[in-house]
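Note sheet for the following structure.
The values are calculated or read from the model by the stated rules, or taken from the named source; none is laboratory data. What you see is a predicted model; the values in this text were computed from it and never measured. Because the Cβ atoms are built from the backbone with ideal geometry, glycine has one as well, and the counts that use them run over all protein chains shown. Protein only, heavy atoms only, side chains kept; ligands, DNA and RNA dropped before computing areas. Shrake-Rupley method; radii C 1.70, N 1.55, O 1.52, S 1.80 Å.
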Amino acid sequence: MRTPAITIPTRPNSANGGSTGSGPGSGVGGGPRSGSGPRSGRTPRRPAAAAVTAACAAVVALVAGCGTDTTAGVVPEGWGTLKTSAVTVAHPPAFTPQSAGERSTYNAAAATLTKDGKNVGMITVQLDFTNADSVDEAAIGAEAGIALGSTLGKQRKVEVAGPEGRTEARRIDFEFTEKGSRIKGVIVAGLDSAKKSYAVRVDAAKGRLGDGDLTKIIDSITLT
């Protein structure tokens with residue numbers, strides 16, 4: 001497996017969506033629109049007890065969050081970490097971190113998963129890989145680094161842990177074929193605490209990294 005690298009030296013043109021042709025405003029950068037239409041008719045008056053119950057449920061939902069809130073920035077037990085000056089991410093124990101001499105010069109940190117002497121998975125962290133003024137621009141730059149011929153999924157808004165709470169980022173899913181193997185890739189891109197671009201990329205041959213571990217990797221991303 002080749003070392004993934006995002007090598008976009010200049011700011012992507014958000015007007016044309018960079019080299020992928022799909023930037024903000026084309027439907028890739030945002031999720032489905034939410035909201036309901038105008039209400040019709042009268043809203044029935046709730047009994048006081050029902051109103052109290054609904055309020056309590058709302059408080060419980062707020063505390064409980066949406067599943068990943070309680071795991072953001074958490075390193076699972078037994079896992080290792082890739083630490084850089086701006087971003088930290090956890091990796092499963094089966095992944096082996098690369099030294100500065102082993103990894104690509106484009107990567108601030110990297111770890112590989114091997115099987116029978118072959119790389120079947122990789123996690124990389126890249127910092128300041130493109131001049132971006134927004135999370136959307138960082139995501140466009142990350143998309144531009146995905147190899148031509150890849151199957152590109154829809155961008156999704158996600159949040160990562162940071163020194164002042166949760167910070168918005170973008171998740172990009174894609175797949176490609178390399179040497180006869182189908183590879184599943186995910187990039188989480190955004191702006192770090194210094195407002196510079198970062199990208200955490202996970203590539204793995206299908207069947208080599210479970211969805212649960214992938215979720216834990218993404219949830220562990222922390223801006224320092």
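Values as computed for the structure displayed
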| read-out | value |
| --- | --- |
| Principal semi-axes in Å for segment 155-224 [√(5λ), Cα gyration tensor, largest first] | 25, 12, 9 |
| Where only C-alpha atoms are counted, convex hull volume of segment 75-126 per residue in Å³ | 75 Å³ |
| Accessible surface of segment 102-184 [probe 1.4 Å, protein heavy atoms]: carbon and sulfur percent | 43 percent |
| Kirkwood hydrodynamic radius over Cα pairs of segment 76-224, then Stokes diffusion coefficient at 25 °C and 0.890 mPa s, in µm²/s | 160 µm²/s |
| Inter-label distance for SER104 and ASP133, nm, one decimal - labels placed 7 Å from Cα along Cα-to-Cβ | 2.8 nm |
| Exposure ranking of THR84, THR167, THR105 by accessible area [1.4 Å probe, largest first] | THR105, THR167, THR84 |
| Peptide ranges 87-93, 120-126 listed from the most packed, as the mean C-beta count within 10 angstrom indicates | 120-126, 87-93 |
| Per residue value of the accessible surface for segment 91-224 (all protein chains in place, 1.4 Å probe), Å² | 45 Å² |
| Listed pairs LYS154/LYS195; LYS157/LYS195; LYS83/LYS115; LYS83/LYS195 exceeding 20 Å between Cα atoms | LYS154/LYS195; LYS83/LYS115 |
| Set of aspartates and glutamates with alpha-carbon distance to LYS196 below 13 Å, sequence-local pairs under 8 removed | ASP128, ASP133, ASP136, GLU137 |
| Segment 102-166: GluC sites (Glu not before Pro) in DSSP coil with no more than 14 other Cβ atoms inside 10 Å | GLU102, GLU164 |
| Solvent-accessible ranking of ASP203, ASP116, largest area first, probe 1.4 Å | ASP116, ASP203 |
